[in-house]
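Visitor: Below is the structure I would like to discuss, written out as structure tokens.
Bear in mind that the values in this text are calculations on the coordinates, not laboratory data. These figures come from a predicted structure and were not determined experimentally. Cβ: placed from backbone, ideal geometry, glycine included. Neighbour counts: every protein chain shown.
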Amino acid sequence: MKRIISVLLILCMMFVIVSCTKPEKTPDTKELLVDDMVGREIKIIPGSYERVVCIGAGALRLYSYVGDVSLLCGVEDIDNTTLTERPKMFDSVARPYVLAFSETFNKLPSCGVGGPNAQSAEAEKILSCTPDIVISEYEDADKANALQNQLGVPVITMKIGSNGVFSEEFQQSIYLLGKIFDREDQAEALVNFVEKQTTEIQNRTKDIKDSEKPSVYICGLGNWGTTNHLMTSETFKPFNVANIKNAVSGLGIKGIGAIEKEKFVSLGEKMDVIIIDAAAVKNIKPLYAEDKTMFDTCKAWKNGEVYIEMAYNAYYTNCEIALANAWFMAKTVYPEKFADIDMTAKLNEITKAFLGKEMASEIFGLPGSFGGYKKIDTATFFG
């Protein structure tokens with residue numbers, strides 16, 4: 001009888017211990033149907049993925065904003081800075097996601113070359129990484145379906161959109177990543193941060209009368225390596241956000257495009273301020289060396305009102321830099337409205353929200369950043 005009682009006591013104690021042990025959190029194993037950003041309906045199991053590959057311009061960047069980089073099982077060569085043979089055209093300028101997570105990226109095997117010349121996914125390299133999900137920014141639905149069939153795992157296509165960080169596509173992609181990887185709180189926090197920042201810029205500038213707005217010319221937009229002082233946009237979204245008067249308004253330049261040299265010359269007297277994207281400096285310098293008169297008609301050039309913003313396109317859109325650029329443009333054009341804004345502190349705040357790290361010093365320290373946001377002395381800057 002004593003032995004039976006002892007056994008029962010032991011069993012009771014074991015039951016109490018097991019009952020009091022908190023179960024580990026497990027992902028929701030219920031399958032969901034989601035629509036990716038090119039309209040493909042795909043089955044996913046939120047939070048179940050443990051081996052992630054990101055392919056195509058901007059995919060790894062978007063994932064880095066929301067996802068856990070420790071789950072990555074492969075990386076494109078362009079994002080592994082230890083490789084000798086890799087696309088290096090963006091190395092002089094900031095790609096904050098690479099700066100933030102290079103230690104992780106540099107230890108991963110290749111899932112493809114990547115870069116602007118990589119026009120399709122490299123299925124064999126992706127397979128060698130054995131992912132259980134692929135995040136892509138190759139925006140071709142048929143190719144995505146073919147790749148998914150070949151890999152046997154979900155291939156989810158993202159899209160940032162033509163307005164970048166200010167676009168609905170950006171928000172939708174962030175929310176979709178949050179749902180897929182069970183990180184909806186992180187996704188919601190980032191979207192709310194961007195909306196709050198955008199609203200604050202708008203509120204500070206909304207009451208400025210048109211008659212008080214200087215005319216601003218933005219240049220250096222467009223494709224990496226080909227952009228220069230003629231590449232601009234009539235529909236430049238940050239100007240709309242900050243209520244900035246666009247010097248090329250009415251010319252019919254939808255999206256990003258080049259204006260003719262003659263038109264640039266004729267618009268010169270309307271350019272109260274010129275803002276140059278840092279990506280274009282390497283192309284503008286040799287042009288200026290050949291023709292020192294190319295900016296002679298520009299009022300801003302003659303008055304010393306020329307500024308440089310950080311390169312926001314480097315293997316697609318640096319969304320955090322694009323947001324910081326909007327603050328810089330607003331501060332440049334309306335200094336009295338933004339006297340309290342320090343751009344180093346603002347960039348640190350933004351990179352902290354996007355990537356969990358204050359990164360202004362790293363970004364400004366790269367040679368293609370030319371020391372950061374500033375007014376430039378054109379005589380010495382362009383030589």
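Visitor: For the range 32-182: lysine pairs with Cα atoms under 17 Å, gap of 8 or more or different chains, count? Spell out each step's value before the answer.
Guide: On the way: LYS43/LYS179; LYS107/LYS125; LYS125/LYS143; LYS143/LYS159; LYS159/LYS179.
Pairs that pass both the separation and distance tests number 5.
Visitor: Right, another one. Return the subset of LYS285/LYS346; LYS352/LYS374; LYS213/LYS282 for which the Cα-Cα distance in this structure is over 27 Å, preserving the input order.
Guide: On the way: LYS285/LYS346 29 Å; LYS352/LYS374 22 Å; LYS213/LYS282 30 Å.
Beyond 27 Å: LYS285/LYS346; LYS213/LYS282.
Visitor: Can you give me the C-alpha center-to-center distance between the range 105-164 and the range 277-344, rounded to a whole angstrom?
Guide: Centre-to-centre distance over Cα atoms comes out at 33 Å.
Visitor: Continuing with the same structure: Grab the other residues whose beta carbon is less than 15 angstrom from that of LYS196, score K and R as +1, D and E as -1, and report the net. Please report the intermediate quantities before stating the final value.
Guide: On the way: positive: ARG204, LYS346, LYS352; negative: GLU188, GLU195, GLU200, GLU320, GLU349.
Neighbourhood net charge equals -2.
Visitor: For a quick check: sort ILE133, ILE341 by the number of other beta carbons within 10 angstrom, fewest at the front. Write out the running numbers ahead of the final one.
Guide: Numbers: ILE133 22, ILE341 16.
Ascending number of Cβ neighbours within 10 Å: ILE341, ILE133.
Visitor: Provide the net charge surrounding SER162, with neighbours chosen by a C-beta distance below 9 Å and charges set as Lys +1, Arg +1, Asp -1, Glu -1. Don't skip to the answer; put the middle values down first.
Guide: Working: positive: LYS237; negative: GLU169.
With Lys, Arg at +1 and Asp, Glu at -1, the neighbours total 0.
Visitor: Give me the extension gain from GLN202 to THR235: residue separation times 0.36 nm, minus the current Cα-Cα distance, reported in nm with one decimal.
Guide: Working: separation 33, 0.36 × 33 = 11.88 nm, distance 1.65 nm.
That pair, GLN202 and THR235, stretches by 10.2 nm at full extension.
Visitor: Compute the length gained on full extension between THR104 and LYS30: take 0.36 nm times their separation in residues and subtract their Cα-Cα distance, giving the result in nm to one decimal.
Guide: Numbers: separation 74, 0.36 × 74 = 26.64 nm, distance 3.04 nm.
So the extension gain works out to 23.6 nm.
Visitor: Taking 51 Å as R0, compute the FRET efficiency from the Cβ-Cβ separation of ALA123 and LYS352 and round it to 0.05. Let's see the in-between values first.
Guide: Values: r = 37 Å, r/R0 = 0.72.
With a Förster radius of 51 Å, E is 0.90.
Visitor: For each pair in LYS245/LYS299; LYS245/LYS270; LYS209/LYS270; LYS263/LYS331, compute the distance between the two Cα atoms and list the pairs where it is over 20 Å. List each step's numbers first, then the result.
Guide: On the way: LYS245/LYS299 15 Å; LYS245/LYS270 11 Å; LYS209/LYS270 17 Å; LYS263/LYS331 28 Å.
Flagged as over cut-off: LYS263/LYS331.
Visitor: What whole-number distance in Å separates the alpha-carbon centres of the range 71-91 and the range 206-230?
Guide: Each part's Cα centre sits 32 Å from the other's.
Visitor: When averaged across all projection directions, what area in nm² does the alpha-carbon convex hull of the chain cover?
Guide: On the way: hull surface 100.7 nm².
Convex hull of Cα atoms, orientation-averaged projection: 25.2 nm².
Visitor: Percent of Cα-Cα pairs more than 30 Å apart in the range 207-381, please. Show your work: numbers first, answer last.
Guide: On the way: 1962 of 15225 pairs.
In whole percent, the share of Cα-Cα pairs in the range 207-381 beyond 30 Å is 13.
Visitor: Mind pulling the angle between the C-alpha long axis of helix 281-290 and the longest principal axis of the chain? Nearest 10 degrees, somewhere in 0 to 90.
Guide: Roughly 20 degrees between the two axes.
Visitor: Let me ask another. Round to the nearest 10 and give me the degree value, 0 to 90, for the angle of helix 319-333's Cα axis relative to the longest principal axis of the chain.
Guide: The angle comes out near 30 degrees.
Visitor: Kindly express, to the nearest 10 degrees and within the range 0 to 90, the angle between helix 96-105's C-alpha long axis and the longest C-alpha principal axis of the chain.
Guide: 40 degrees
Visitor: Now for a separate question. Project the alpha carbons of the range 32-182 onto their principal axes and report the range along each, largest first, in whole Å.
Guide: Per principal axis, max minus min of the Cα coordinates gives 41, 35, 27 Å.
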